[in-house]
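One structure below.
The values are calculated or read from the model by the stated rules, or taken from the named source; none is laboratory data. Since the model is a prediction, treat every value here as computed from it, not as a measurement. Cβ coordinates were reconstructed from backbone atoms using ideal geometry, including for glycine residues, and neighbour counts include every protein chain displayed. Remember, those area values only see protein heavy atoms, side chains included, never the ligands or the DNA or RNA. Shrake-Rupley method; radii C 1.70, N 1.55, O 1.52, S 1.80 Å.
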Amino acid sequence: MCHVIVTCRSMLWTLMSILVAFAELIAFMSEDWLIASHHPSGSNISFVPTPEPYRPSLGLYSRCIKVAHQKIVQCGPYARDFTEIASGFWQATTIFLGVGIFLLSIVSFLSVFSLCFQSILGKSIFNVCGLLQGIAGLFLMLGLMLYPTGFGCEKVVSYCGPEASAYKLGQCSLGWALYTAIGGTALTFICAMFSAQAEIATSSDKVQDEVDEGRTLICVL
C-alpha cells in the first residue's frame, strides 16, 4: 500500500531539490555569464547607440548582441556544435555542469515520488538522493572552478578587451547567471545534507504509528 507521507522537513527538501535543479538549468542556458562594457570587436554586426547604453552578454555557448538597422537585441548560440564553444575550459565546464544538472534533474523527479515511496532498491530514497546531490554538487563546483580559466580565449577577449586573461575579466563584469550557478551549487550541498533530516522526519515514531493505524495520507509537522 502506498502511504503519502508529508512532513515539514521532507516537503522543504523536495521544494529545495526542485528549485536548485531549475535554477542551475536556467543559469546554464542563459547568455548572461559575462557582461561586456562595449560591443564585441571583430563582429560583423554594428553597435546601435541607444538612450540607455546596451551591454552585450556572453554565455557558455550563446550570446546577446544588438543588430544594426533592426534595433533589436539578438540572442542565440554562437557555437553551432560542441567543438565551437569558445574555450577548451568552457567545454569542460559545459560537460561538468551538464552532468551535475542531469543528476539534479533525476533527484527532483525522485523527490516528488518520495512523498509516496520512501525506499528504492531497498535503500532509503532520501539517502540515495542525498548522495546524488552531493555528487552533482562536486561536478558543478568543478565546472565553476574551470570556467574563469577560459577568460583568455579569443571570444572573451573580443568582448572584454585585450586585458582579459585567465581569472581576469578585463572590461567585462560577471552576470547574474554565474551568481545563480554559484548559489545553486551551494544550495545543492545544503540539500544533500538536509536529505538526512527528511529521512529522519518520515521514519519517526509518530509517522510509524499512523502507518500502523492504516492511514494512507499522513501529515506530520
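Key figures for this structure:
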| read-out | value |
| --- | --- |
| Count of residues meeting criterion [of a type in the set (A, V, I, L, M, F, W, C) and surrounded by fewer than 20 Cβ atoms within 10 Å (Cβ to Cβ)] in the range 133-156 | 7 |
| Residue within the range 142-165 that is outside any helix (DSSP H, G or I), touching a Cys at 6+ places or on another chain (Cβ under 9 Å) and at pLDDT 85 or above present | yes |
| Residue count, the range 21-44 (criterion: open to solvent by 10 Å² or more (accessible area, probe 1.4 Å), among the small types (G, A, S), at pLDDT 95 or above and closer than 18 Å to Y78 by Cα) | 0 |
| Contacts under 8 angstrom Cβ, first residue in the range 90-117 being touching a residue at least 40 places away in the same chain (Cβ under 8 Å), partner of a type in the set (D, E, K, R) and crowded, with 18+ Cβ neighbours inside 10 Å, 6 or more apart | L97/E24; G100/E24; I101/E24; L104/E24 |
| Hits in the range 45-81 (condition: modelled with pLDDT of 90 or more and out of contact with any Lys or Arg (no Cβ under 9 Å at 6 or more places or on another chain)) | G59, L60, Y61, S62 |
